[in-house]
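Readers should treat all values here as calculations from the given coordinates under stated rules, not as data from a laboratory. Please read all numbers here as calculations on a predicted model, not as lab measurements. Here the Cβ is made from the backbone with ideal geometry for all residues, glycine too, and neighbour counts use every protein chain on show.
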Amino acid sequence: MRLWDSEGNPIGSPGRGHQGGVKSIAFSPDGQKIVSGGGDGTVRLWDSQGNATASPGRGHQGSVWSVAFSPNGQTIVSGGIDGTVRLWGSKGNPIGSPWRGHEGYEVKSVAFSPDGQRIVSGGLDRTVRLWDSKGNAFGSLGRGHQGGVWSVAFSPDGQTIVSGGIDGTVRLWDSKGNPIGAPWRGHQGGVWSVAISPDGQRIVSGGEDGTVRLWQGGDWKTWLQVACDRLRDHPVLVKPKTQEARDAKKTCQKYVWSKADSSTK
């Protein structure tokens, strides 16, 4: 694990301890601590100079693919090859039992919501899953990716989740795990990482094709614009047969489509 300044100069000596590749690293919100997850199945803590500060957190049966700090810096979440999501205290002590739900498939990515009350995980079972702070699953099971989910992230307001998958798509979900609009396509290969800008206006993705792509984000009306425009010609909205579909069409007509646009009537 190595530290660098903003100009690319190394800071201090490499942080050594993992007996295998370092799969994921994250800073605490105050910038004073670093957590890392490794191929040796451990979660390790370091200070801002790269010195180990606690005994390694052991529990995962295999590689730890993703780690993240809670917004208050007091809790760490990790996801591993063993299909579990685990919580740790700020000193590397395990909290509670592992969370199981990804059906034994690897958990590739985990993230805290901005309020620290929810966690999202993405796994090789092709799902995006939501958990409360006690490890209880809630909301809808996010299904849609035609392959493993490699990266997940919350928007700054906590109302939207973005995911990237091995199917080459970027997808949006609401705070309860329901899909928003159609998948975003552009990468010629798997999407390995996604992030949302601090102002929520842009999404960035990195892929197997060697490209970094930027996507326009925005507030809820921007997300609605994306969803409605992509569904404009879908049979469900062209000739809605259920009350739910009729309500969706009315929402699109009210907030997005021009009332003069005869194609929406």
Listed highest first by mean packing, meaning other Cβ atoms within 10 Å per residue, what order do 121-132, 61-72, 186-197 come in? 121-132, 61-72, 186-197
Among Thr127, Asn93, Gly39, flag the residue with its Cα farthest along the positive direction of the charge dipole of the chain, charges on Cβ as +1 for Lys/Arg and -1 for Asp/Glu. Thr127
Dipole size in debye (nearest 20) for region 3-218 around its Cα centre, Lys and Arg Cβ +1, Asp and Glu Cβ -1? 420 debye
Once the Cβ-Cβ distance between Gln159 and Lys254 is put in as r, and R0 is 25 Å, what FRET efficiency do you end up with, to the nearest 0.05? 0.80
Which label marks the calculated value of semi-axes √(5λ) of the Cα gyration tensor in Å, given the options (1) 37, 19, 16; (2) 31, 22, 15; (3) 27, 22, 17? (1)
Pop out the ³J(HN,Hα) list for region 229-244 in order, Karplus 6.51 cos²θ - 1.76 cosθ + 1.60 with θ = phi - 60°, rounded to Hz; leave Gly and Pro as x. 5, 6, 9, 3, 9, 6, x, 4, 9, 5, 10, x, 10, 10, 5, 4
Once you have the Cα-Cα distance between Asp209 and Gln49, take 0.36 nm times their residue separation minus that, and quote the gain in nm to one decimal. 54.2 nm
May I ask you to order 171-183, 86-98, 20-32, 140-152 by the average number of other C-beta atoms within 10 Å around their residues, highest value first? 140-152, 171-183, 86-98, 20-32
For the chain, build the charge dipole from Cβ charges (+1 Lys, Arg; -1 Asp, Glu) around the Cα centre, then report which of Pro183, Trp4, Gly59 sits farthest towards its positive end. Pro183
